[in-house]
Structures are given as C-alpha cells and as structure tokens.
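Asks: There's a structure below that I have some questions on.
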Amino acid sequence: MSSDTVATALPKTRIPSNAEVLRTQRRERISLALRYLILGSVGLLMLYPLFWLLGASFKSNQEIFTTIWFLPRDLTQLLDFSAYYHGWMTRTEFTFATYFLNSFLIVIPRVIVTLISCTLVAYSFARFEYPGKKFLFSIMIGTMLLPPIVLRVPQYLMFKELGMIDTYWPLILPSAFAVDTFFTFLVVQFLRGTPRDMEEAAIIDGCNALQLLWHIVVPLLKPALISVALFQFIWTMNDFIGPLIYISTVEKYPVSLALKMSMDVSGEVEWANIIAISIVALLPSLTVFFLAQRYFIEGATSSGIKG
C-alpha cells in the first residue's frame, strides 16, 4: 500500500481555530471561578460562627444578643482586651492557668496510654493467629455500638470502691486497656493494608515480636497514630461529662468544667468574658490539629502505604 493510500485512509484531525480555543479557555476560567465562589461561600458560611464568636468577645451583653454581625458597632472596642483578662482571671481564687494545667494532666497521659494500648491490641489482631481471634475482634467491634452512657454507673461504682473518685485516674486508666475501640479499629485497618516485606526481612535477621513492633511497625503506623493522638486530644479536651462525674474539687477542674462554672458564679453573666476564654480554650486543639493536619488526613483516609 502506497503512502498516499495510507494518508487517505487515516482520519483527518481537525485543528480548532483560535476563536474556539479562546472560547474553551474562557469557559474553563468561568467554571473555575464559579467553583471557587461556591466553595468560598460555603466555607464562609461554615466559619461564620467562629468569626462571630471572636467578634462577640469584644461586645457588651446587649450587643451580643441584638445583632448577628460579627464586628462590634464601635470598632474601637476591638482594641479592648479586658474580656480576655477578666475571663482568664475568673471570679474564683484560681486563674485559667490552673484549669489548663489540669486539662493537660488528663489529656497528655490519656493520649500516651491510648497510643500504647491501641497499638498493642491492633498489632495482635492484625499480625497474630490464635484461637478465638475472630470472636474477640467481633466483640471489640460490637462495643463500638454500645452507648458510653450505659457504662457510667458501673464504672463509677468500680472507681468508688477503688478510692479513685475526685482524682484523674478514672479519666485516664480505662484508656490503658484499649477501651477506645474506634482507635484500635482504625490502627488495625491501617496495619492490615501495610506490606509485610520489611517485617519478614526483620524476622529473618532475628527480631522478636516486640523489636519488630518498635523498629518496623510503629514507624509505618506514624500517620494512623498521629490521627489517634489528635482525635483523643480533642475529644478529651472537650470532655465534660467525665470530669463532671468524677471531679468534685474546684482546684482540680479542667477547662470544660471551669467554663461551666464561670456561668454559675453569679446571677449576671458577662458573656464577653466567657466567650473570650472559650476562644482561648479552642487554641490548643486548633494548634495541634494544624500542626498534624498532613498526617491526620493521610492516616484517616489511607488503608496502606502508597508507593
């Protein structure tokens, strides 16, 4: 077949004109602009309560309840940080520095024991074979559907018998036994998606199970463990029912109880002070989230290692 015949048989590719290219580019730019406009509008709508909260910390009680605009009418009020000062100092003998310290005395140990216990339990479910493994895993998954409120009374009676009421132990000790089954399940699913090549090589080199866990598995689990730590940090900082049940001494109150107490100390509530200290109470969780955002997204969405 001659070259002329082949050229005739091949379909001719139509080259778009300059006008068509410009129209296509214009449509793409308009489509992109609309997407950004919609996403920006939805994002602004979702973030507006936070903007309002920030602006309300500079308003009077009357203005807080009479307008939904986040800025105060008198913009010079934005230079007045007295609400933050009075909110921090509180009307008790303790400042919020004490309450933040108490919160960290609960949060940090709880995060640590959660990471240790969930990693050990998840490692056993994902890497070992033993009688009753599937049954035990099913029981663990079933406890995820159990409402936490049904455990409050028996747990309270147990810790009362152990003499741990009005201490932080009831808030920390359960996590040492991997009772946070959601975290265990998260780590199990992540670990099941990781390849075993490095572990098999380490076994050949003579590593035992604990050495394998520490030197090989834990580094692979870094995104999942950071997600667990982040969730536990935020949930424990926001926990109100647990401290309310077990803590009775004001000096031991965490931030969540101290905020509630700030609304009960007198008949007239200075809402700007409470809102101001609420914003301050959000800062640790927001800081931890933004610092670990990349690992959190990877750990929450991944089921294995990307090549």
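Asks: With the other protein chains left in place, how much accessible area per residue, in square angstrom, belongs to region 86-301 at a 1.4 angstrom probe? Intermediate results must be reported in sequence, preceding the final value.
Replies: Numbers: 11760 Å² over 216 residues.
Averaged over the residues of region 86-301, the accessible area is 54 Å².
Asks: Go through Leu191, Leu220, Leu47 and list them by solvent-accessible area, largest first, probe radius 1.4 Å.
Replies: Numbers: Leu191 0, Leu220 35, Leu47 85 Å².
Putting Leu191, Leu220, Leu47 in descending order of accessible area: Leu47, Leu220, Leu191.
Asks: Using the Kirkwood formula over every pair of different C-alpha atoms, what hydrodynamic radius in Å results for region 144-195? Provide the component values of the computation, followed by the final result.
Replies: On the way: mean 1/r = 0.0775 Å⁻¹.
With all distinct Cα pairs of region 144-195 included, I get 12.9 Å.
Asks: While we're looking at this one, here's another question. Once ligands and nucleic acids are excluded and a 1.4 Å probe is used, how much of Ser60 is accessible, expressed in Å² to the nearest 10?
Replies: Rounded to the nearest 10, the figure is 60 Å².
Asks: How big is the accessible area of Leu186 in square angstrom, nearest 10, if you roll a 1.4 angstrom probe over the protein chains?
Replies: Surface accessible to solvent at Leu186 totals approximately 30 Å².
Asks: Under a 10 Å cutoff between Cα atoms, tell me which one of Leu286, Leu146, Leu173 has the largest fluctuation in the Gaussian network model of the chain.
Replies: Leu146
Asks: Filter the DSSP H helices in the chain by two things, a Kyte-Doolittle mean of at least -1.0 and an axial alpha-carbon span of 27 angstrom or more, and list the hits by number. Don't skip to the answer; put the middle values down first.
Replies: On the way: long enough: 18-56 (54 Å, 0.62); 96-127 (45 Å, 1.50); 271-291 (30 Å, 2.11).
Counting only whole DSSP H runs, the qualifying helices are 18-56, 96-127, 271-291.
Asks: Further question: May I ask you to derive the FRET efficiency for Phe290 and Glu268 from their Cβ-Cβ distance with R0 = 30 Å, giving the value to the nearest 0.05?
Replies: Working: r = 36 Å, r/R0 = 1.21.
FRET efficiency, Phe290 to Glu268: 0.25.
Asks: Among Phe240, Phe65, Phe100, which one moves the most in a GNM of the chain with springs linking Cα atoms closer than 10 Å?
Replies: The residue with the greatest mean-square fluctuation here is Phe65.
Asks: Carbon-plus-sulfur fraction of the accessible area of the chain, 1.4 Å probe, in percent?
Replies: Ligands and nucleic acids excluded, carbon and sulfur give 69 percent.
Asks: Mind checking the full-extension length gain between Trp169 and His215? Use 0.36 nm per residue of separation minus the Cα-Cα distance, one decimal, nm. List each step's numbers first, then the result.
Replies: Numbers: separation 46, 0.36 × 46 = 16.56 nm, distance 3.07 nm.
This chain segment gains 13.5 nm when fully extended.
Asks: At 1.4 Å probe size, with no ligands or nucleic acids counted, give the accessible surface of Lys252 in Å², nearest ten.
Replies: For Lys252, the solvent-accessible surface is approximately 70 Å².
Asks: Radius of gyration and Dmax for the chain's Cα atoms, expressed in Å?
Replies: Computed over the Cα atoms of the chain, radius of gyration and Dmax are 28.1, 100 Å.
Asks: For the chain, calculate the relative contact order in percent as a whole number, restricting contacts to Cα pairs under 8 Å that are 6 or more residues apart. Could you put the intermediate results ahead of the total?
Replies: Working: 253 pairs, mean separation 84.1, N = 307.
Result for the chain is 27 percent.
Asks: Oh, and also: Hey, if we sort Glu270, Glu200 by accessible area with the 1.4 Å probe, largest down, what's the order?
Replies: Working: Glu270 70, Glu200 100 Å².
Descending accessible area places them as Glu200, Glu270.
The values are calculated or read from the model by the stated rules, or taken from the named source; none is laboratory data. Quantities reported herein were computed from a predicted structural model and do not represent experimental measurements. Positions of Cβ are backbone-derived with ideal geometry, glycine not excepted, and every protein chain shown enters the neighbour counts. SASA here: full protein model, heavy atoms, side chains in, ligands and nucleic acids out. Shrake-Rupley method; radii C 1.70, N 1.55, O 1.52, S 1.80 Å.
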